[in-house]
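Q: Can you read through this structure? Questions will come right after.
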Amino acid sequence: MRGAFSAPAPVVLQVPRHGPEAALWLLPQRAVWWPSGATLFVADVHLGKAAAFRSAGLAVPSGTTGDNLQRLGALVQRYGARRLVVLGDLLHARAARTPAVLQALRHWRNRHPDLAWVLVRGNHDDHAGDPPSDLGVTVVDEPWSLGPWHCRHAPLAGDEAAPPGPILCGHVHPVCVLRGAARERLRLPCFVLTPSALWLPAFGAFTGGYTVRAAATWLRCAIADDAVWPVDGSPPAPWQISTGQ
């Protein structure tokens, strides 16, 4: 019976050297909750992507902007977030700035007037331009620090030195491929933990994904069945992982 099963416990990441406030919840809604900072992190929302494709003459479904904003608003309300940080690519392109998309954004903002909203510029934001000023979005360049976290859009390039604290980033749209004994194959969005960073999956519903393969010093956490599942064993230092609140 359905009532015999409890909801999956959240996957909680901790960085002990930064104290108890450095704990993050990995959410199956492709977002991260930071309880100590009352902050919700998402990456790669790509609002208006379908509209941009349609403006180029491609037949793609409508309604993705409304779906993305509805899911985002539900998370803000569920966790009582006081701050929202978008780790890049809020709008997909300049062609995404249609009256319908901007109106949907304004309606969403009006429902969350007290929410502090920060956008860490990503590569698509460079092309789309900053959000309209009446949305009250604070726009910053990477890297941007918040508490123990170094917020970026893209992971570090090969020649960049790692900062002293953990990085939160997007850009990659990570997915993992899991294979079963009966040759079944699942391609699932995932979080990726590296020794220096947490990569978030794309929040947008119309974004695609890049397959991240298993690596000795990485941990992938797949999203399936409304839960987050570590699939590669133990997390790399300095991260620690547990389930439960």
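Q: In the set (i) 17.8, 54; (ii) 17.1, 50; (iii) 16.3, 45, which value of Rg and Dmax of the Cα atoms in Å was calculated from the structure you see?
A: Structure-derived value, by its label: (i).
Q: Continuing with this model, one more query. Taking the number of other C-beta atoms within 10 Å as the exposure measure, put Thr98, Thr39, Thr138 in order starting with the fewest.
A: Working: Thr98 15, Thr39 21, Thr138 12.
Sorted ascending by nearby Cβ count, the order is Thr138, Thr98, Thr39.
Q: ³J(HN,Hα) across segment 151-162 via Karplus (A = 6.51, B = -1.76, C = 1.60, θ = phi - 60°), whole Hz, x for Gly/Pro?
A: So the J values, rounded to whole Hz, are 8, 9, 8, 9, x, 4, 6, x, 9, 8, 6, 6.
Q: Would you calculate, for the chain, the mean residue ellipticity at 222 nm contributed by helices, counting each DSSP H stretch of 4 or more residues as -39,500 (n - 2.57) and dividing by all residues, to the nearest 500?
A: Values: 4 runs with 42 residues, N = 245.
About -5000 deg cm²/dmol.
Q: Also, I was wondering about something else. Could you give the size of the charge dipole of the chain about its Cα centre, using +1 on the Cβ of each K and R and -1 on the Cβ of each D and E, expressed in debye and rounded to the nearest 20? Walk me through the numbers on the way to the answer.
A: Values: 22 positive and 17 negative charges, 133 e Å.
Rounded to the nearest 20 debye, it is 640 debye.
Q: Right, another one. Only counting other Cβ atoms within 10 Å, I'd like Thr65, Thr207 sorted with the fewest neighbours first.
A: Values: Thr65 29, Thr207 20.
By the 10 Å Cβ count, ascending, the order reads Thr207, Thr65.
Q: List the residues whose amide H sits under 5 Å from the amide H of Ala154, counting only those 5 or more places along or on another chain, with H placed 1.01 Å from N in the peptide plane.
A: Gly170
Q: If I take every Cα pair under 8 Å that is 6 or more residues apart in segment 88-245, average their sequence separation and divide by the length, what percent do I get for the relative contact order? All intermediate terms of the calculation are to be shown ahead of the outcome.
A: Details: 268 pairs, mean separation 24.4, N = 158.
Computed over segment 88-245, the figure is 15 percent.
Q: In whole Å, how far is the Cα centre of segment 85-140 from that of segment 210-241?
A: 30 Å
Read-outs throughout are calculated quantities, based only on the coordinates presented, and are distinct from any laboratory measurement. Keep in mind that this is a model prediction, so the values were computed, not measured. Don't worry about glycine lacking a Cβ; one is built from the backbone with ideal geometry, like all the others, and counts go over all protein chains shown.
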